[in-house]
1. Looking at ALA69, is it under 14 Å from LYS2 (Cβ atoms), small (Gly, Ala, Ser) and at pLDDT 95 or above?
2. Inspect segment 66-81 for any residue being assigned to a helix (DSSP H, G or I) and either hydrophobic (A, V, I, L, M, F, W, C) or in contact (Cβ under 8 Å) with a residue 40 or more places away in the chain (or both) and give the result as yes or no.
3. If the Cβ limit is 6 Å and pairs must be 6+ apart or interchain, which residue in segment 1-15 that is exposed (fewer than 13 other Cβ atoms within 10 Å of the Cβ) pairs with which residue that is basic (Lys, Arg) and not in a strand (DSSP E or B)?
4. Sort through GLU101, GLU81 and tell me the only one that's of a type in the set (Asp, Glu) and either closer than 20 Å to SER10 by Cα or over 14 Å from the mean Cα position of the chain (by Cα) (or both).
5. For segment 41-53, which residues satisfy the criterion of being touching an Asp or Glu at 6+ places or on another chain (Cβ under 7 Å) and either assigned to a helix (DSSP H, G or I) or of a type outside the set (Ser, Thr, Tyr) (or both)?
6. Any residue in segment 85-97 that is out of contact with any Cys (no Cβ under 8 Å at 6 or more places or on another chain) and part of a strand (DSSP E or B)?
Amino acid sequence: MKLVVDMNLSMAWIDGLAGQGHDAAHWSTIGLQNAADDVIMEWARVNQAIVLTRDLDFGAALTRQALIAPSVIQLRCGRVELVRHLPLVGRVLTEHRSPLETGAIVTIEEERVRVRILDANPLI
């Protein structure tokens, strides 16, 4: 799977994800470091990449705008540690591949993983 790693995560994620067979790029190698979230989201959408972030704003923007792409993986752990959380992200990418390919927000917390399928036409 293709991922774009947000600025709030270290460059070390790139090698870690590549080691799991994923195509990953850190935003700092793609665009301006102070780019707005919607710029990163548009790049991810056009390039069919999943956004990996600690920021809740991506998921909120997708929900608010009723978008189904890009998918977002949100790390909502107190202290994100590559050695501890990379295997969990890898498992999420494998176990939730289908929703991530079609549009989802996956939230990884210390004790659980939540998956929200994105729907462009939510029932109101």
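1. No; evaluated as a whole, the condition is false for this residue.
2. no
3. Final answer for the pair search is ASN8/ARG54.
4. Working: GLU101 fails: either closer than 20 Å to SER10 by Cα or over 14 Å from the mean Cα position of the chain (by Cα) (or both).
Selected residue: GLU81, the only one of GLU101, GLU81 that is of a type in the set (Asp, Glu) and either closer than 20 Å to SER10 by Cα or over 14 Å from the mean Cα position of the chain (by Cα) (or both).
5. Listed by number, the residues that qualify are VAL51, LEU52.
6. No, the conditions are met nowhere in segment 85-97.
A quick yes/no check of all residues on (1) within 18 Å of LEU56 (Cβ to Cβ); (2) in contact with a Lys or Arg (Cβ under 7 Å, 6 or more places away or on another chain); (3) aromatic (Phe, Trp, Tyr):
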| residue | (1), (2), (3) |
| --- | --- |
| CYS77 | yes, no, no |
| VAL80 | yes, yes, no |
| VAL89 | yes, no, no |
| LEU93 | no, no, no |
| ARG112 | yes, no, no |
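The values are calculated or read from the model by the stated rules, or taken from the named source; none is laboratory data. From a predicted model like this one, the values you see are computed outputs, not experimental measurements. Note that we place each Cβ from the backbone using ideal geometry, even for glycine, and neighbour counts take in every protein chain shown.
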